[in-house]
Amino acid sequence: MPVSNTYRSCQVSACAHSNCCSTIVWVEMLLIHGVYHFRSQRLAFRNDYCLFCAEPRRAVQIRTFDVWHLFWIPLLPLGFWKRWFCTVCNRQPHVATRTRRTFKWAGLVVLLVFSIMFWVAPVMPDFRFGSWLFRIGGPMGTIILLLHLIYTPKETSLKERLGTVHAATDTVCPFCGTQLIVGPLCSCPACGVVRQ
Ligand SMILES: [Zn+2]
Ligand SMILES: [Zn+2]
């Protein structure tokens, strides 16, 4: 499927990747920390495969200066970081979004072990309902997960998906409309973005 060029209308500016620019905040053990992304700069663009969109997409590479913060106070400079973003969903295109198959198999083993444990152990008089719930629910969950793993087709690898993506052939900068300088490095003389 050809890569859509509609990203031009969405005008991905150097700081429009909301997932990145907005402070990522985790609350762990009452510690609020995250990473600020400063000085966003667009460096390059390419045709890519986005795992979140599950489609070939245009991706843009953004460089930022990252600073780790604690309780919103910038404390630790982490240096310059480059990341690729899908111009449609604004996520990093190669970050897996689904539970990996190996994790599902690991979950199956855990469920199986728990199912056996609850059937081997006698029913606790003060936990009768819970014991039977686990005795029945455990094997049921195991069977459902096993059937899911058997009948769900194996996911195509990212490498195979990338093989279906055609390289970018733009001759005009998709961001500022300037004619690209075609050479060993195809770049825009106006905004400096590089075609990859
Ligand atoms: Zn996407
Ligand atoms: Zn340009």
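Among the listed residues GLU160, GLU155, which satisfies the condition of being of a type in the set (Asp, Glu), without any contact (Cβ under 8 Å) to a residue 12 or more places away in the chain and away from ligand 1 (no atom under 16 Å from the Cβ)?
Values: GLU155 fails: without any contact (Cβ under 8 Å) to a residue 12 or more places away in the chain.
Going through GLU160, GLU155 in turn, just one is of a type in the set (Asp, Glu), without any contact (Cβ under 8 Å) to a residue 12 or more places away in the chain and away from ligand 1 (no atom under 16 Å from the Cβ): GLU160.
Quick one: would you say ARG42 is more than 17 Å from HIS166 (Cβ to Cβ), within 9 Å of ligand 1 (Cβ to nearest atom) and touching a residue at least 60 places away in the same chain (Cβ under 8 Å)? Talk me through it step by step, then tell me what you get.
On the way: more than 17 Å from HIS166 (Cβ to Cβ): yes; within 9 Å of ligand 1 (Cβ to nearest atom): no; touching a residue at least 60 places away in the same chain (Cβ under 8 Å): yes.
Answer is no for this residue.
How about the range 150-170: which of its residues are of a type in the set (A, V, I, L, M, F, W, C) and either surrounded by 14 or more Cβ atoms within 10 Å (Cβ to Cβ) or under 22 Å from the mean Cα position of the chain (by Cα) (or both)? Please lay out each step first, then the result.
Within the range 150-170, the first condition is being of a type in the set (A, V, I, L, M, F, W, C), and the residues that meet it are 150, 158, 162, 165, 167-168.
LEU158, LEU162, VAL165, ALA167, ALA168, listed by residue number.
Cβ contacts < 6 Å: first residue at pLDDT below 90, restricted to the range 87-106; second residue part of a loop (DSSP other than H, G, I, E, B), any location; separation 6+ or different chain. Result?
ALA96/LEU51; THR97/LEU51; THR97/PHE52
Looking at the range 165-180, can you tell me whether even one residue there is under 30 Å from SER115 (Cα atoms) and either away from ligand 1 (no atom under 16 Å from the Cβ) or among the polar types (S, T, N, Q) (or both)? So that I can check it myself, show each step before the final result.
Here is the first cut: in the range 165-180, the residues under 30 Å from SER115 (Cα atoms) are none.
No, the range 165-180 contains no residue that is under 30 Å from SER115 (Cα atoms) and either away from ligand 1 (no atom under 16 Å from the Cβ) or among the polar types (S, T, N, Q) (or both).
If you go through the range 123-139 one residue at a time, how many are out of contact with any helix residue (DSSP H, G or I) (no Cβ under 6 Å at 6 or more places or on another chain) and of a type in the set (Val, Ile, Thr)? Outline the logic, then answer.
Step one: of the range 123-139, the residues out of contact with any helix residue (DSSP H, G or I) (no Cβ under 6 Å at 6 or more places or on another chain) are 125-133, 136-137.
Subsequent filtering for residues that are of a type in the set (Val, Ile, Thr) retains 136.
Counting residues in the range 123-139 that are out of contact with any helix residue (DSSP H, G or I) (no Cβ under 6 Å at 6 or more places or on another chain) and of a type in the set (Val, Ile, Thr) gives 1.
How many residues are farther than 30 Å from PHE71 by Cβ and touching a helix residue (DSSP H, G or I) at 6+ places or on another chain (Cβ under 9 Å) when one looks only at the range 35-53?
First pass over the range 35-53, keeping only residues farther than 30 Å from PHE71 by Cβ: 42-53.
The next check asks that each one be touching a helix residue (DSSP H, G or I) at 6+ places or on another chain (Cβ under 9 Å); those that pass are 45, 48-49, 51.
Looking only at that region, the number is 4.
The values are calculated or read from the model by the stated rules, or taken from the named source; none is laboratory data. Keep in mind that what you see is a predicted model, and the values were worked out from it rather than measured. Glycine also receives a Cβ, built like all others from the backbone with ideal geometry; neighbour counts cover every protein chain displayed.
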